[in-house]
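Just below is one structure, and these are the notes that go with it.
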Amino acid sequence: MTRKLALLLPVLVLGACATPDKAPPPAAEAPLPAPVETTPPAVAKPARPGPIPVRPLNVKTECKFRDETGYNGALKLDVAGAQVHAFEAKVNIPKRGACRFDLKDFHQTRELPAIELSQTRGKCIVRVWEQGERVTVAFQQCEKMCSGSSYPYLWPILNDRRDGSCA
């Protein structure tokens, strides 16, 4: 019997090595959670100004502005029925110079869709238009209306009709 046992023992040991362990019974698979939508939070978009209306411009303002760099100026503008009755603009650009505009140096060459003032003796053109609650006064080819190296730093003047301020 010892001999039978001696023969059977290696067979049992080898058999135990050859048989894989039983895997535990499969657990019931839980359903995957629904994908979470990752839409970014709603960000309020700034209101975009609407199209420029094609109607005669009417605006009367006298305002001053200044920013944190010292850039400052003043605007006097009186337009009725797209006819300019008064226009003066002064802009001081720190360490660069200043730009000055006066209606007496211009004549009106356009009314719609934007007002255009052309310099009587020069190339300077000033355009005035409204968009939403803002009236814009922009300058083109006006180097001779400015001192020093200020012209490249001259920005349009914006007038907010709601509160009369300028920037």
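Quick notes
- Cβ-Cβ under 9 Å pairs, at least 6 apart or on other chains, segment 136-157 side within 17 Å of ASP67 (Cα to Cα) and touching a residue at least 24 places away in the same chain (Cβ under 8 Å), far side among the basic types (Lys, Arg) and surrounded by 14 or more Cβ atoms within 10 Å (Cβ to Cβ): SER150/ARG96; TYR153/ARG96
- Only one entry of GLN131, GLN83 meets the criterion of being touching a Pro at 6+ places or on another chain (Cβ under 6 Å), among the polar types (S, T, N, Q) and closer than 15 Å to ASN58 by Cβ, and that entry is GLN131.
- Selection status of LYS90, basic (Lys, Arg), surrounded by 15 or more Cβ atoms within 10 Å (Cβ to Cβ), part of a strand (DSSP E or B) and in contact with a strand residue (DSSP E or B) (Cβ under 7 Å, 6 or more places away or on another chain): yes
- Among residues of segment 118-163, those that are touching a helix residue (DSSP H, G or I) at 6+ places or on another chain (Cβ under 7 Å) and surrounded by fewer than 16 Cβ atoms within 10 Å (Cβ to Cβ), counted: 3
- Qualifying residue in segment 62-82 (condition: under 24 Å from the mean Cα position of the chain (by Cα), at positive phi, of a type outside the set (Asp, Glu) and loosely packed, with under 15 Cβ neighbours inside 10 Å): yes
- Any hit, segment 114-132, residues being touching a Phe, Trp or Tyr at 6+ places or on another chain (Cβ under 7 Å), modelled with pLDDT under 95 and on the phi < 0 side of the Ramachandran plot: yes
- Test: residue in segment 70-85 that is assigned to a helix (DSSP H, G or I), in contact with a helix residue (DSSP H, G or I) (Cβ under 9 Å, 6 or more places away or on another chain) and at pLDDT 95 or above: no
The values are calculated or read from the model by the stated rules, or taken from the named source; none is laboratory data. Quantities reported herein were computed from a predicted structural model and do not represent experimental measurements. Cβ coordinates were reconstructed from backbone atoms using ideal geometry, including for glycine residues, and neighbour counts include every protein chain displayed.
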